[in-house]
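**Student:** My questions will all concern the structure given below.
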Amino acid sequence: MEFISPKTDFAFKKIFGSTDSKDILISFLNALIHNANPVIQDLEIIDPYNPGDEVDLKDSSLDIKAVLDNGSTVLIEMQGFKGTSFEKRVIYNLMTTYANQLNHGEGYSYLKPVITLTITDFPLFDQTQHFLTRFGLKEQQELFNYIDPELELIVVELPKFTKTLDELDSLTDQWIYFIKEAANLDVIPPAFQHIPELNKAMNMANQENLSVEEVEKLRQRELFLEEQR
């Protein structure tokens with residue numbers, strides 16, 4: 001088998017953001033946001049991937065937007081290289097999404113939490129070697145949380161994830177390994193076969209299951225990203 005790399009934003013959106021990927025995305029978000037606890041039971045993918053969509057050869061700023069069953073919004077981005085003002089763009093997307101929830105005349109009580117989940121194929125924070133970091137609003141001296149946990153930033157830095165297939169000890173590890181290493185596998189790992197959502201994601205990443213049009217779009221996107229690097 002030959003698998004496409006989920007690190008390419010085009011492939012990432014196909015695997016996690018297709019109309020039939022809701023179960024995959026629920027498992028993935030529960031793993032990364034809730035430490036694999038099944039807190040999220042349902043969600044709606046906004047503007048899902050469509051095989052007929054044109055490839056936009058630009059620095060993609062957002063791959064998937066989903067509204068969870070508790071009303072929270074999650075913004076998910078796979079970033080292959082560090083573009084200009086990348087850190088500011090992440091904050092901008094978070095804040096504008098939060099502010100744009102209100103229609104004219106609506107009160108602040110209608111606001112729901114917003115989470116950004118950003119996956120980078122490059123190191124971002126020199127201060128830590130942890131591959132998964134979380135940020136929220138905290139008091140700076142005593143470090144207690146703001147009254148309402150309305151805003152959260154979660155970052156996964158793929159270069160800092162160095163576990164081998166045999167060392168994966170959680171669903172979180174398995175999903176991050178899938179994103180980082182799927183293109184280097186030639187079979188679906190047995191452990192992945194026992195997790196329906198991971199097994200389904202591996203099959204969606206199997207190049208044999210892509211249309212000729214999708215393979216060409218993926219090739220164009222990979223060439224563009226390599227030129228940008």
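The values are calculated or read from the model by the stated rules, or taken from the named source; none is laboratory data. Treat the numbers as computed from the prediction; the structure is a model and nothing was measured. Every residue, glycine among them, receives a Cβ derived from its backbone with ideal geometry; neighbour counts consider all protein chains shown. With ligands, DNA and RNA removed, areas are computed over all heavy atoms of the protein, side chains included. Shrake-Rupley method; radii C 1.70, N 1.55, O 1.52, S 1.80 Å.
**Student:** Do any helices (runs of 4 or more DSSP H) entirely within segment 112-229 hold 3 or more residues that are of a type in the set (Asp, Glu) and open to solvent by 60 Å² or more (accessible area, probe 1.4 Å), and if so, which? I'd like the intermediate steps shown before the answer.
**Tutor:** Working: elements: 171-181, 190-193, 196-205, 212-228.
Counting at least 3 such residues, we get 212-228.
**Student:** Related question: Go over the candidates 102, 94 one by one and state the one that is outside any strand (DSSP E or B), out of contact with any Cys (no Cβ under 6 Å at 6 or more places or on another chain), aliphatic (A, V, I, L, M) and open to solvent by less than 40 Å² (accessible area, probe 1.4 Å). Step through it out loud before you land on a result.
**Tutor:** Working: 102 fails: open to solvent by less than 40 Å² (accessible area, probe 1.4 Å).
None of the other options fit; the residue is 94.
**Student:** Continuing with the same structure: Residue 46 is checked against (1) at pLDDT 90 or above; (2) out of contact with any strand residue (DSSP E or B) (no Cβ under 9 Å at 6 or more places or on another chain); (3) open to solvent by 20 Å² or more (accessible area, probe 1.4 Å) and fails just one. What number does that condition carry?
**Tutor:** For residue 46, the exception is condition (2).
**Student:** For segment 11-34, name all the residues that are open to solvent by 20 Å² or more (accessible area, probe 1.4 Å) and not polar (S, T, N, Q).
**Tutor:** Quick first cut of segment 11-34, residues open to solvent by 20 Å² or more (accessible area, probe 1.4 Å) only: 13-14, 19-20, 22-23, 26, 34.
13, 14, 20, 22, 23, 26, 34, listed by residue number.
**Student:** Show the residue pairs meeting these rules: Cβ distance below 7 Å; 6+ apart or different chains; first residue within segment 160-183 and at pLDDT below 95; second residue of a type in the set (A, V, I, L, M).
**Tutor:** Qualifying pairs under 7 Å: 183/4.
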